[in-house]
Structure formats: structure tokens, C-alpha cells
Amino acid sequence: MASSNGKDNGKNPPLLVPHIVIDHISDLAPDMLLQLGIRHALIDLDNTLLAWGAEELDQEVRDWVKSALEAGLKICILSNTRSYRVAFYALQLGVPYVGVALKPSRTAARGAMRLLDCCAEDTAIIGDQIFTDILLGRRLGLYTVLVKPLAMREQFWMRMVRRIEKMFWPQKMGLTDK
């Protein structure tokens, strides 16, 4: 797990710098978040919990969500994808959701926070995109966790975004075109 203090390193504007960077959501210990005072998590669906193009959640993801809930973390899936699709996976995980979030717009995230009855100081956002998840989290004052995308095979427009995003991606992650 790489970490960042969120300060401008001369290359990345602070709004695009996550607090921590991880390879997979299972690398994030729920207890660590709780020790930081984080009691709530807004989590992206595509390429964070579910590989792009996959239809089934990995058991490792299911286990992580279960352990996070058992540890006392409250979770809401916050996704830009269609609501009925997010609902399908949220139901499997037993967590609330907000779809068509239009991240990095703050409106849906605030709605998700109302669902969890939380505030910025005790909430993290976990996702695979700098220009949506991390930017949104920084704009709201949330603790930000950048996850390496589960799959590099994505829609054409997302591949173009990833090319730009790579300029801001923490180098330790080694994001490649695989």
C-alpha cells in the first residue's frame, strides 16, 4: 500500500492526489480506516469492486465487504453507471447504493452520505479513477483511497481518459497499458 500526504509534489494538484493508493480493495484493512476515524465508505462499482465487463463479483471482494461491515464500517456504492445495474450488485452485498452519480459532481455523493447519516470527517471514498472518485472526494473533504483498476480492458472513451490519467497516477502503482 502506497501512501500520500496529499500535498502538492510539484506535479499533481492536491485535488488529484489521493490519501492512499492500493492495488486491490482487499489490501485496505477496515480496521485501519476505523482507527483513522473513518466510519463510512462510498465505494465505486466498476473496476473497484467489479472488473469491467465481468458479471460476477469476486469472492475476495464479497469477503472484504462482509468483513468491513462486520468491523462496523457503513458502506454505500456510489457509481456513475445505471441505477438498476448498481442495485443488482448492492443487493448481493447488502449495502445501499446511488447510481447515475455523475461524479465528480457532489450532489449524488451528498445523497449517499445522507443515506449513511455521515459527514465528511468520518467518510472515505474508494475508487479507481482520479478524475471522478479522487477529485470528488477531495472536493468534499473526504479521505480518498485510489485503487488500481481491476481490468485494463475498458470502453474506448475510458481508455482515452486513462491515458490522460496516467500523467497523474502515483508512479509506484505502475499503471500500464496491459
Answer residue from region 86-104, given it is farther than 25 Å from CYS119 by Cβ and in contact (Cβ under 8 Å) with a residue 24 or more places away in the chain and is surrounded by the most Cβ atoms within 10 Å (Cβ to Cβ) among those: TYR89
Among THR132, THR144, which is among the hydroxyl-bearing types (Ser, Thr, Tyr), in a strand (DSSP E or B) and in contact with a Lys or Arg (Cβ under 9 Å, 6 or more places away or on another chain)? THR144
Taking into account only those residues within region 63-75 that are out of contact with any Cys (no Cβ under 9 Å at 6 or more places or on another chain) and not in a helix (DSSP H, G or I), which is surrounded by the most Cβ atoms within 10 Å (Cβ to Cβ)? ILE75
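Just checking, which of ASP31, ASP27 is closer than 27 Å to ASP117 by Cα and more than 15 Å from the chain's Cα centre (by Cα)?
ASP31
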Would you please name the residue that is farthest from the chain's Cα centre (by Cα), looking only at residues in region 80-98 that are at pLDDT below 95 and part of a loop (DSSP other than H, G, I, E, B)? ARG82
Could you tell me which residue of region 110-123 is surrounded by the fewest Cβ atoms within 10 Å (Cβ to Cβ), considering only residues that are within 21 Å of LEU34 (Cβ to Cβ) and out of contact with any Leu (no Cβ under 6 Å at 6 or more places or on another chain)? ASP117
Give the residue that is surrounded by the fewest Cβ atoms within 10 Å (Cβ to Cβ), with candidates limited to residues of region 42-61 that are among the polar types (S, T, N, Q) and part of a loop (DSSP other than H, G, I, E, B). ASN47
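The values are calculated or read from the model by the stated rules, or taken from the named source; none is laboratory data. Fair warning: this is a prediction, and the values are worked out from it, not measured in the lab. FYI the Cβ positions are ideal-geometry reconstructions off the backbone, even for glycines, and counts take in every protein chain you see.
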